[in-house]
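Report on the structure given below.
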């Protein structure tokens, strides 16, 4: 029979009859004479003579109060006793089986009946050692009492741990601990550290609760004592007692206490009188603001609502908007979401189904329960801008205007970055004006984006104006801005402004690098009034700084020598550089090939073209213009038409000067029909031919100035 059936029969006459029959059986002798083994050890004396439950079975150092109240209900007593005996019987069964492995189940059950009945009797009589045991002919051995002692203490310790564990669970879910955890999450505490802090706070709250419970218990005990004293004093008469002929009146005991405080309590800290009533209003406002900053946790999603949520997360783009709207309406009806619930759904969508995230995020803006504000629009616009979704960004701006919400400074900053990235100068300027109208002082990132936008739009002077404005506000322009200006002036061949920008960089603390020196050399070489001396001096200055010339530097030097037709100096430079370990690249070979093509040296040009092919890189597009001009002037029709086909296929990349050079070469070689076709393409691209070129097309002969 099971242990719980045996325990339920512990108080009945039937159990006593069974126990007596078991006592006369064979295993009773075994139990009380053979139970001591080496595996069972402990203390001799079990009794501690206390009226508390089970005090005869526990060590005084491990005693606990299983119930906090002074008066226990019978049901609570039975439940606690049953739990104790159930755990006790479970552990004792294992120990009996270890000592007597040859005994069958019925024998072991009988032993447990005797042990449990004796333990119950000790519990009922409170461990009175002078009383006679229930079973006159039977007593436990020292080792058996020792084992009962150990098992009882272990059971009580386990019960105490279980009680504290259940109590700890309630404090883990209390509002104060949750609020502290939300604050910790807001400041960036995550993972194991947050878990440890949560348990620490819950343990402190539990200790605080137990402390006040003990105080309350002491207060109640004091009240009971006071009531007893008062009751005794009421029973006494107020008759006078004669002492040495004097009569003394015996009345109620006088209570001596502290004098009552007069005036209001004042508390000052750092010179502030916090006892002022106005601080109560401040505390209320702080509390209200805290509810906004640290919203409540999201509602638990269970049941049907959980199924709908999973279906929303599993949606695909091809399912259409109708399915999404239907599921969202059902989800809203089931959950009745607040703002924090919407954020929880959006976060899960962002992690699991990012294409659907933007649709739901836009749908949420129209929901009253979401409590939409301008920061929600700002967040969505920022995400669209980072992914270069210009149309979606502008659509969100239109929705803001329809709802009467004007862009704030954060949205304007995002728009400045976005429009400058795509080269929309008008949009960037409009967003920049919004910042100024709000009285916002742009930071270095906004200035950087605007200056880059002006440079890309071909208006570097406006960019320099903004740079001076930055300096007046003690904002140091970044190196990226200086390099963008220097690169623009280098491409335009404006050496004076490029040199001035380089000097400003050095004053700003940015040392000259190989890239800076290269851009200066290229600017000097591409200048209209190119002077070889300027290019050469900048080249020598770069070498003095310790930078080794690269392919672009060598190409710029050769281009400068080409302007003065100094082929011998160009070849000497290449030989000198090759001695120092320099290997010409695509840029150097391209300049040389253009030079050879102008001189109509076909073999040398094709030889350089083959060297470029060996490098594994395609020649620059401008090389095709030089090849077409050379083949047309040398009347090599097949190669001329072949290169012309390449140029027509990439006509969008051609500039006005390149069109004129191609048409001039075709006229010079006698390819008038092809020249007329290129002229039509030139006009379709928005370029106008010069008067000399138009007259040459009509006459079929080039004037001397164009040959």
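The values are calculated or read from the model by the stated rules, or taken from the named source; none is laboratory data. Remember, predicted model here, so these are calculated numbers, not experimental data. Virtual Cβ from ideal backbone geometry, glycine too; neighbours counted across all protein chains shown.
Among the residues of region 401-437, write down those that are under 31 Å from the mean Cα position of the chain (by Cα) and part of a loop (DSSP other than H, G, I, E, B). Matches in region 401-437: 405, 406, 407, 408. Taking region 346-361 as the range and being surrounded by 16 or more Cβ atoms within 10 Å (Cβ to Cβ) and out of contact with any helix residue (DSSP H, G or I) (no Cβ under 7 Å at 6 or more places or on another chain) as the test, only 358 passes.
Within region 92-108, residues that are within 17 Å of residue 149 (Cβ to Cβ) and in the same structural domain as residue 151 (by TED's automatic domain parsing) sit with their Cβ atoms under 9 Å from residues that are modelled with pLDDT under 85 and not in a helix (DSSP H, G or I), at 6+ positions apart or across chains, in these pairs: 95/39; 95/40; 96/35; 99/35; 99/36; 99/37; 99/39; 99/40. Let me confirm something: among 696, 613, 618, 649, which residue is farther than 23 Å from residue 592 by Cα and either at pLDDT below 90 or touching a strand residue (DSSP E or B) at 6+ places or on another chain (Cβ under 9 Å) (or both)? None of the others qualify; the one that does is 696. Tallying residues that are free of Cβ contacts under 8 Å to residues at least 24 places away in the same chain and in a helix (DSSP H, G or I) within region 542-551 yields 2.
Conditions (1) within 24 Å of residue 624 (Cβ to Cβ); (2) in contact with a helix residue (DSSP H, G or I) (Cβ under 7 Å, 6 or more places away or on another chain), marked per residue:
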residue: 522; (1), (2): yes, yes
residue: 544; (1), (2): no, no
residue: 556; (1), (2): yes, yes
residue: 564; (1), (2): no, yes
residue: 575; (1), (2): no, no
residue: 588; (1), (2): yes, yes
residue: 595; (1), (2): yes, yes
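Conditions (1) surrounded by fewer than 17 Cβ atoms within 10 Å (Cβ to Cβ); (2) modelled with pLDDT of 90 or more; (3) under 23 Å from residue 623 (Cα atoms), marked per residue:
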site: 547; (1), (2), (3): no, yes, no
site: 550; (1), (2), (3): no, yes, yes
site: 560; (1), (2), (3): no, yes, yes
site: 564; (1), (2), (3): yes, no, yes
site: 569; (1), (2), (3): yes, yes, yes
site: 577; (1), (2), (3): no, yes, no
site: 591; (1), (2), (3): no, yes, yes
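All but one of (1) surrounded by 10 or more Cβ atoms within 10 Å (Cβ to Cβ); (2) modelled with pLDDT of 80 or more hold for residue 275; state the number of the condition that does not hold. Looking at each condition in turn, residue 275 falls short on (2).
If only one of 238, 244 is on the phi > 0 side of the Ramachandran plot and either at pLDDT below 85 or exposed (fewer than 10 other Cβ atoms within 10 Å of the Cβ) (or both), which one is it?
Values: 238 fails: on the phi > 0 side of the Ramachandran plot.
244 is the lone residue from the list that is on the phi > 0 side of the Ramachandran plot and either at pLDDT below 85 or exposed (fewer than 10 other Cβ atoms within 10 Å of the Cβ) (or both).
On the stretch given as region 165-188, residues that are without any contact (Cβ under 8 Å) to a residue 12 or more places away in the chain and either surrounded by 15 or more Cβ atoms within 10 Å (Cβ to Cβ) or part of a helix (DSSP H, G or I) (or both) total 6.
Yes/no matrix, rows are residues, columns are (1) farther than 30 Å from residue 176 by Cα; (2) surrounded by fewer than 16 Cβ atoms within 10 Å (Cβ to Cβ); (3) more than 24 Å from the chain's Cα centre (by Cα):
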position	(1), (2), (3)
300	no, yes, no
304	yes, yes, yes
307	yes, yes, yes
317	yes, yes, yes
329	yes, yes, yes
341	no, no, no
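Can we say residue 702 is part of a loop (DSSP other than H, G, I, E, B) and under 16 Å from residue 629 (Cβ atoms)? Yes: the conditions hold for residue 702. In this structure, residue 390 does satisfy being without any contact (Cβ under 8 Å) to a residue 60 or more places away in the chain and buried (at least 16 other Cβ atoms within 10 Å of the Cβ). Within region 614-630, identify whether any single residue is surrounded by fewer than 13 Cβ atoms within 10 Å (Cβ to Cβ), within 23 Å of residue 591 (Cβ to Cβ) and touching a helix residue (DSSP H, G or I) at 6+ places or on another chain (Cβ under 9 Å), and answer yes or no. The answer is yes; a qualifying residue exists. Within region 511-527, the residues that satisfy the criterion of being touching a residue at least 24 places away in the same chain (Cβ under 8 Å) and surrounded by fewer than 17 Cβ atoms within 10 Å (Cβ to Cβ) are 512, 513, 514, 515.
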